[in-house]
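Novice: One structure, pasted below without further comment.
The values are calculated or read from the model by the stated rules, or taken from the named source; none is laboratory data. None of these values were measured; they are calculated from a predicted model. Virtual Cβ from ideal backbone geometry, glycine too; neighbours counted across all protein chains shown.
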Amino acid sequence: MDLLALLGLATVLVMLVAIMLDWLSPLAALILVPTIAALAGGFGLQTAQFIVHGIRRIAPVTAMFVFAILYFGLITDAGVLDPIIRGILRVVGRKPRRIVLGTTLLALLAHLDGSGAVCFIVTIPTMLPLYRQLDMDPRVLACAASMAAGVNFLPWTGPTLRAAAVLHLSPVAIFRPMAGVQLVGLVFIFCAAWWLGRREERRLRVRGVSMSASAIPEPAGTAERERLKRPKLFWFNVVLTLIVLGMMIAGQVAPALVFMVGTAIALVLNYRDVAEQRARIDAHARAALMMASILFAAGAFTGIMSGSGMLTAMAKAAVAYVPHRAATFMPSVLGVIAMPLSLLFDPDSYYFGVMPVIAKVYARLGGAPVDIARASLLGQMTTGFPVSPLTPATFLVCGLSGIELSEHQRFSIPFLFAASILMTAAAVAFGVLPI
């Protein structure tokens, strides 16, 4: 392994350990660790160029997330989510088992378009008030939404499209034999959601929290919240939200622009007074600023890792040590480690840099490259993306749920990794992957 690959591996490992053990905040770790590594690697002032390039790439996503936070904050202030929450309560009641199952189902439906951002933006703000009212652990909400999004590798999702493009295959051809494997993953996440809900019921019962079918308790600050509500504009806000989400899913207009315009319209029509508009923006500015800073820091990290060539060097080094006799087991082994690889490689670096090399080596050893694509989809930026610090969606989950990245990773990684392992076992059992 050359020095650049070792430097890249050390950078990623130090950053992950620093974040997961709370030695550094994600913001500090994402900026300081790769910058020090790049300077130590002799890149000097080029490091600044890498950072600027990474920030430019992440800027549209950051703008979308910032204005999405502002938008959903505004419509929540206006009381749009209150009837939705009451409707969910009528279906799931106050039983944590039903609530977590409902969260998983909502996230699964919201992720049908393949966008993790849409899934989390729709699911978490909708369910979080309910979790807070019942004093449920927000990590459970983040985990349930992450599991639902993670097991989805339908033909139009990003990882599947990337794998198909690189190997010049049809996304449907890659996915079709894996439909049963995905079904196994879905069964697992709903069982896990039921178990998490049951565990929450026991915890809340010990704490004496009521789970009867009584009315939703009103939290403190009711008078102020009532003053901000706009019941006469409820249907306008609902229609506006559907238009905003529909336009974003359709992809005809940049998501950042959709949320920017939507935020401006919601702000002006719900709160006519300029002073009130400023107050509403100030109320949600902290969350938006926190999200923007984390995302720009992530852009700096990926910019340095990509621009310096550390990711490419790591990819080449990773496949150089595969023994010839292990060729038959490559797909199944890759399926097992695919989810952890999401912590090392962003989706573009893996699917456009690492996977083609692995597929080429496997083909030279007599295997079918499509096996490598299918094995990759069992974890790499599928079950792995909601906990990877290399994807903005991870920080969106944490920001919307109000939890730290280290908390989310420690809580959710075991469930997501278990889903990946189970689907890999199913793929081998169903003959999708050779062994």
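Novice: So Trp195 fits all but one of (1) among the aromatic types (Phe, Trp, Tyr); (2) assigned to a helix (DSSP H, G or I); (3) touching a helix residue (DSSP H, G or I) at 6+ places or on another chain (Cβ under 7 Å); what number is the exception?
Specialist: (3) is the only condition that Trp195 fails.
Novice: Taking Leu106, is it modelled with pLDDT of 90 or more, within 16 Å of the chain's Cα centre (by Cα), part of a helix (DSSP H, G or I) and farther than 22 Å from Thr62 by Cα?
Specialist: no
Novice: Just the residues that are at pLDDT 75 or above and either within 18 Å of Ala368 (Cβ to Cβ) or outside any helix (DSSP H, G or I) (or both), please, taken from segment 305-332.
Specialist: Within segment 305-332, Ser308, Gly309, Thr328, Phe329, Met330, Pro331, Ser332 qualify.
Novice: For Thr302, only one of the following conditions fails: (1) of a type in the set (S, T, N, Q); (2) at pLDDT 85 or above; (3) touching an Asp or Glu at 6+ places or on another chain (Cβ under 7 Å). What is its number?
Specialist: Looking at each condition in turn, Thr302 falls short on (2).
Novice: Still on this structure, I have one more. Looking at (1) small (Gly, Ala, Ser); (2) surrounded by 15 or more Cβ atoms within 10 Å (Cβ to Cβ); (3) closer than 30 Å to Asp2 by Cα, find the lone condition where Gly42 falls short.
Specialist: It fails just one condition, (2).
Novice: Looking only at segment 128-181, count how many residues are over 19 Å from Ser342 (Cα atoms), surrounded by 20 or more Cβ atoms within 10 Å (Cβ to Cβ) and of a type in the set (S, T, N, Q).
Specialist: 0
Novice: Please give the number of the condition Pro155 fails out of (1) touching a helix residue (DSSP H, G or I) at 6+ places or on another chain (Cβ under 8 Å); (2) part of a helix (DSSP H, G or I).
Specialist: Evaluating Pro155 over (1) touching a helix residue (DSSP H, G or I) at 6+ places or on another chain (Cβ under 8 Å); (2) part of a helix (DSSP H, G or I) leaves (2) as the failure.
Novice: With the requirement that a residue be in contact with a Phe, Trp or Tyr (Cβ under 7 Å, 6 or more places away or on another chain) and either outside any helix (DSSP H, G or I) or not small (Gly, Ala, Ser) (or both), what does segment 248-268 give you?
Specialist: Matches in segment 248-268: Phe259, Met260, Thr263.
Novice: Consider only pairs whose beta carbons are under 8 Å apart and that are at least six residues apart or on different chains; among these, list those whose first residue lies in segment 24-48 and is assigned to a loop (DSSP other than H, G, I, E, B) and whose second residue is surrounded by 17 or more Cβ atoms within 10 Å (Cβ to Cβ) and not aliphatic (A, V, I, L, M).
Specialist: Filtered contacts from segment 24-48: Gly41/Ser308; Phe43/Phe50; Phe43/Ser308.
Novice: Residues of segment 38-88 being at positive phi and at pLDDT 85 or above, which ones?
Specialist: Across segment 38-88, the qualifying residues are Gly42, Gly44.
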